[in-house]
1. Which numbered condition trips up GLU131, out of (1) free of Cβ contacts under 8 Å to residues at least 60 places away in the same chain; (2) within 24 Å of GLU269 (Cα to Cα); (3) of a type outside the set (A, V, I, L, M)?
2. For region 141-150, does any single residue satisfy the condition of being of a type outside the set (Phe, Trp, Tyr), within 15 Å of ligand 1 (Cβ to nearest atom) and within 14 Å of LEU230 (Cβ to Cβ)?
3. Out of all the residues in region 105-128, which are under 11 Å from LEU170 (Cβ atoms) and in contact (Cβ under 8 Å) with a residue 40 or more places away in the chain?
4. Against the definition (under 18 Å from ALA98 (Cα atoms), surrounded by 21 or more Cβ atoms within 10 Å (Cβ to Cβ) and away from ligand 4 (no atom under 16 Å from the Cβ)), how does LEU173 come out, yes or no?
5. For region 107-128, give me each residue that is crowded, with 17+ Cβ neighbours inside 10 Å and touching a strand residue (DSSP E or B) at 6+ places or on another chain (Cβ under 9 Å).
Amino acid sequence: QAKQQGRGLLRFFSPEMTQRAKTRLRLEADLRRAIERDELLLYYQPQVDLPHRKLVGLEALVRWRHPQRGLVPPGDFIPLAEESGLIVSMGEWVLRTACRQIKHWLETGIAPQQTAVNVSAVQLSHGSLVERVQKILDETGIPPQRLELEITESFIMADSEQSFTSLTELRALGVRLSIDDFGTGYASFGYLQRIAAQKLKIDLSFVRDMTTNSSNASIVRAIIALGHSLGLNVLAEGVESSEQADYLLALGCDAIQGYLISRPLPVDEITAFLVQARGDFSGHDA
Ligand code: C2E
Ligand code: MG
Ligand code: MG
Ligand code: MG
C-alpha cells in the first residue's frame, strides 16, 4: 500500500527534483561518515569588548572538509544534519572538541574567559543534551563557566517545555547561555526572562546597514536597551567596519564580533591570536 502510494507520488517529481533529492541523500550519507573520518573541524572567532577591544571570548564555528567538495560552510550542512537527526552526534563532537581545546588553552595559560558553542534547537529538544554536556565537562574537567552555549532566538517559537527544562538544567550546571541571532525571532519578554541567559547577540542583518538605514539603527538601539534592562551583556555580530564599531560604542553596546576584529580562524591561528591577546593584556596590566 505505502509502496504503491510512493510510486504514485514519484510522478509529481520533476527530473530536477529527483536530482536534488539524490544529491541530498548523497550528502547525508557523506555527513554520516564525516565524524568518524575526522572531516569536521572547528574554527574560532574572537569577541572583544567595547571600548577597549580586549578579548572577552571566542565562538566555535564548525566546518566540514569534504574530500571532494572542499571546505563546506555550516549553512550548507547544518539544516541537513538537523532534518536527519545527525545534529545530535555532530553537536556532541563539536562540544567535546571545543571543551578539549578549552582545556588545552587553560593548561597553556591562554584560555579566554569563555568559548561559545552553537546549539541547535533540535539538540535542545532531544533531551539528552544536558547529560552529554555534563559528561563532557566531567571528562575534560574544565570549569563550566568557561563554556557558553548559543541558542538561537527562533528555538523559542517551538515553545517546547523540554527545551526550557534543558536550559534550566544547563544553567544549573554552571555553563553560560547566550541568545543568538536576536531580532530575527519572536521571543517575548517572558521567554527571555525564563531562559536566564547572560548574553544577547544582535543578529548581523541589523548591524550590516545600521549606519545608513535609520530603522535598523532604531532596532539595534532598542535591542541594546532591552538587553540591558534584563541585565544581559549585549554583543553585536557581523561588525565589519570601524564606523559600525564606533556607532555601537555610542549606543552603549558591550561587545562586538566580526571581520573588523578577525574572521573565524583555524585552531593554530586562533591560538597565535590568544598568545598575542594575552601579551596585550599583561602589557596593560603591568
Ligand atoms: P551564527 O552562530 O550566527 O554565526 C555567525 C556567522 O556569521 C558565522 O558564519 C560567521 O562566520 C559569520 N560572520 C562573522 N563575522 C562576520 C562579519 O563580519 N560579516 C559577515 N558577513 N559574516 C560574519 P558561519 O561560520 O558560516 O556559520 C553560520 C551559522 O551556522 C551560524 O550562525 C550557526 O547558526 C551555524 N553553526 C555554525 N557552527 C555550528 C555548530 O557547531 N553547531 C550548530 N548547531 N550550528 C552551527
Ligand atoms: Mg552563533
Ligand atoms: Mg548569530
Ligand atoms: Mg546565524
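FYI, it's all coordinate maths here, none of it is from the lab. Note that the structure is predicted; figures quoted are calculated from it, not measured. Cβ placement follows ideal geometry from the backbone for every residue including glycine, while neighbour counts extend to all protein chains displayed.
1. (2)
2. First pass over region 141-150, keeping only residues of a type outside the set (Phe, Trp, Tyr): 141-150.
Next cut, within 15 Å of ligand 1 (Cβ to nearest atom) only: 147-150.
Now narrow it down to the ones that are within 14 Å of LEU230 (Cβ to Cβ): none.
Within region 141-150, not a single residue is of a type outside the set (Phe, Trp, Tyr), within 15 Å of ligand 1 (Cβ to nearest atom) and within 14 Å of LEU230 (Cβ to Cβ).
3. LEU124 - this is the single residue of region 105-128 that is under 11 Å from LEU170 (Cβ atoms) and in contact (Cβ under 8 Å) with a residue 40 or more places away in the chain.
4. Values: under 18 Å from ALA98 (Cα atoms): yes; surrounded by 21 or more Cβ atoms within 10 Å (Cβ to Cβ): no; away from ligand 4 (no atom under 16 Å from the Cβ): yes.
Judged against the criteria, LEU173 is not a match.
5. Across region 107-128, the qualifying residues are PRO112, GLN114, THR115, ALA116, VAL117, ASN118, VAL119, SER120, ALA121, LEU124.
Residue by residue, here is whether (1) farther than 23 Å from LEU95 by Cα; (2) among the aliphatic types (A, V, I, L, M); (3) loosely packed, with under 15 Cβ neighbours inside 10 Å holds:
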position: TYR191; (1), (2), (3): yes, no, no
position: ILE195; (1), (2), (3): no, yes, no
position: LYS201; (1), (2), (3): no, no, no
position: VAL207; (1), (2), (3): yes, yes, no
position: VAL220; (1), (2), (3): yes, yes, no
position: VAL239; (1), (2), (3): yes, yes, no
position: TYR259; (1), (2), (3): yes, no, yes
